[in-house]
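Before any comments, here is the structure.
Where a number appears in this text, it was derived from the coordinates with a stated rule and is not lab data. From a predicted model like this one, the values you see are computed outputs, not experimental measurements. Because the Cβ atoms are built from the backbone with ideal geometry, glycine has one as well, and the counts that use them run over all protein chains shown.
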Amino acid sequence: MFRRLNVVWWHVLRVCYDLPMSIYTVTQLNSDIRKAIEQGFGHVWLMGEISNFAAPNSGHWYLTLKDERAQIRCAMFRGNNQRAKVRPQNGLQVLVRGRVTVYEPRGDYQLIVEHMEEAGIGLLQQQFEQLKVKLATEGLFAQERKRPLPEHIRRVGVITSPTGAAIQDVLAVMKRRDPSVDVIIYPTAVQGDAAIPQIKNALHTAFQRNEVDVLIVTRGGGSLEDLWCFNDEQVGRLLLDAPMPVISAVGHEVDFTICDFIADLRAPTPSAAAEQVTQDRSAQINRLQQLQQRLATGQKRRIERQHSLLQQLQIRLNQQHPQRQLQQQSQRLDELLARVYRAQQRTLVSQQQRRQHVIQRLQQVHPQRELSRAQQKLSQIQQRIPLVAEAWLKQQHQRHRALLHALNLVSPLNTLDRGYAIVRDEEGHVITQPEQTQAEQKLSVKVAGGEFNVRKCSE
């Protein structure tokens, strides 16, 4: 474009200021014009009506595009027209993309067409792409704003035509996979001029009621014009206000709409949407069986743990039994008596040794008087020894009896003999407060004569 303007301004300046002019040949002029046009315009989109269409044996297409006031010659070569979505016909409105150039032999400027489609479809597709880019830029398609489906879905809402094939597919799949899921239909037109306001009203109704776990917006396949109501910007933005996750299942797998990009989840077909909101009953049965097996295994392990704990408690109880404690105390008493006897023996031996020592000293001194007194003292000592030993043994015996008496006072068995009892729960814990028991709880009662079970009455 700038080169074309530069060429024009150069000619204007040359005429105004009488600059020297170059002499062109026709070929040079057409070549320069072609280069200026191609560099200035590049590729363009053009809409017009076909006329003068010709398709010679070469495979190329030649035609004229016109509107009410102008026309332009066009050529579409064989490599490009083989990919064309439409067969040109005189009077057909088309949308083409191509590059502007000049056919140098005749000096005619023309459009080399590279892409061709019907004008209606092309405009709709162009509008779709523009809206798609706009909403994507605003972040409406971002994955972080999309919500996952609930784990347990009990009620599903469907916005569609009540007489279309889509609702029949949805109902059939849901009945086959999980008939327990309720379906609420929000009827609406899904094609034509009345579709957009009806779809918006159905969405408002579903949002206000908020009675479903997930909402499906769906219809069967069709052309771009048939699906256009689901490309409406207001309908797409309205999905953002849904209080529940939304699934878009519009058309076939190859069809994409604005609702597909905005919805929390896209399903390629209505049947696929029904499969996404239901669980196969066979899978549920397998899951239930797995849970039952896990429950049985858990119960078995719990019983084994409780049995092991019971054995440990029984061992601890046996170790703390009063009879066992009495046996330990009796053994301790025997050990003390043995120590007393050994102490007595050591005392007697010591006294005898002292006696012999005194005798030896007396024999060494030998005076008769000292000997007599010594013998008298010795006789007194000999008389006192049995008395002292007897008194000491009596004192130890009294201490031993006092210890036995104190032990009997604190013994649980002695307490049981006085009419008291020991109450335990099923786990062997001693009950000391009424708050430790519950109504109808089984209890164990131990008395002096034995043990029996009771059950607490309800208050």
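Worth pointing out:
- Span from the segment 398-444 Cα centroid across to the segment 328-354 one, whole angstrom: 36 Å
- When the alpha carbon gyration tensor of segment 267-307 is reduced to an equivalent ellipsoid, its three semi-axes come out at 39, 8, 4 angstrom, largest first.
- Placing unit charges on the Cβ atoms of the charged side chains and taking the dipole of the chain about its Cα centre, the candidate lying farthest along the positive direction among Ser180, Gly419, Val100 is Gly419.
- Residues whose placed amide H lies under 5 Å from that of Thr188, excluding near-sequence neighbours: Thr160, Ser161
- Only aspartates and glutamates eight or more places from Lys446 in sequence, or on another chain, were considered; those with a Cα closer than 18 Å are Asp417, Asp425, Glu426, Glu427.
- Lys, Arg +1 and Asp, Glu -1 on Cβ, resulting dipole of the chain about Cα centre, debye, nearest 20: 4880 debye
- Span-like helix ranges in the chain, DSSP H, alpha carbon extent 20 angstrom or more, Kyte mean at least 0.0: 2-16, 119-137
- Ordering 168-180, 220-232, 127-139 by mean Cβ neighbour count within 10 Å, with the highest value first, yields 220-232, 168-180, 127-139.
- Peptides 208-216, 442-450, ordered by how many other C-beta atoms sit within 10 Å of their residues on average, highest first, read 208-216, 442-450.
- Over the chain, DSSP H runs of length four or greater, each weighted -39,500 (n - 2.57), average out per residue to a 222 nm ellipticity of -17000 deg cm²/dmol.
- Aspartates and glutamates whose Cα lies under 14 Å from that of Lys66, excluding same-chain neighbours fewer than 8 positions away: Glu49
- Charge context of Ala402, other residues only, Cβ under 15 angstrom, K/R +1, D/E -1: +4
- Relative counts (whole %) of C-alpha pair distances in segment 28-104, using bins that are 5 Å wide: 3, 14, 23, 25, 18, 12, 4, 0
- Reachable aspartates and glutamates, given that their alpha-carbon falls under 17 Å from the alpha-carbon of Lys175 and they are not under 8 places away in the same chain: Glu275, Asp280
- Gyration tensor over the Cα atoms of segment 322-410: the corresponding equivalent ellipsoid has semi-axes (square roots of 5 times the eigenvalues, largest first) of 43, 13, 5 Å.
- Expressed as a whole percent, the proportion of Cα-Cα pairs in the chain lying more than 31 Å apart is 74%.
- Segment 141-279 has equivalent-ellipsoid semi-axes of 20, 17, 15 Å, by the square roots of 5 times the alpha carbon gyration tensor eigenvalues, sorted largest first.
- Expressed in units of 2.2 N^0.38 Å, where N is the residue count, the Cα radius of gyration of segment 71-196 is 1.74.
- Around the Cα centre of segment 85-184, unit charges on the Cβ atoms of Lys, Arg, Asp and Glu (plus for the first two, minus for the last two) sum to a dipole of about 380 debye.
- Take every Cα pair under 8 Å whose residues are at least 6 apart in sequence, average their separation, divide by the length of the chain, and the relative contact order is 8 percent.
- Cα centroids of segment 118-190 and segment 52-76: 42 Å apart.
- Unit charges at the beta carbon, dipole of segment 65-198: most positive-side option, Gly79, Ala119, Gly91: Gly79
- Highest-first packing order for the peptide set 156-163, 342-349, 42-49 is 156-163, 42-49, 342-349, based on the mean count of other beta carbon atoms within 10 Å.
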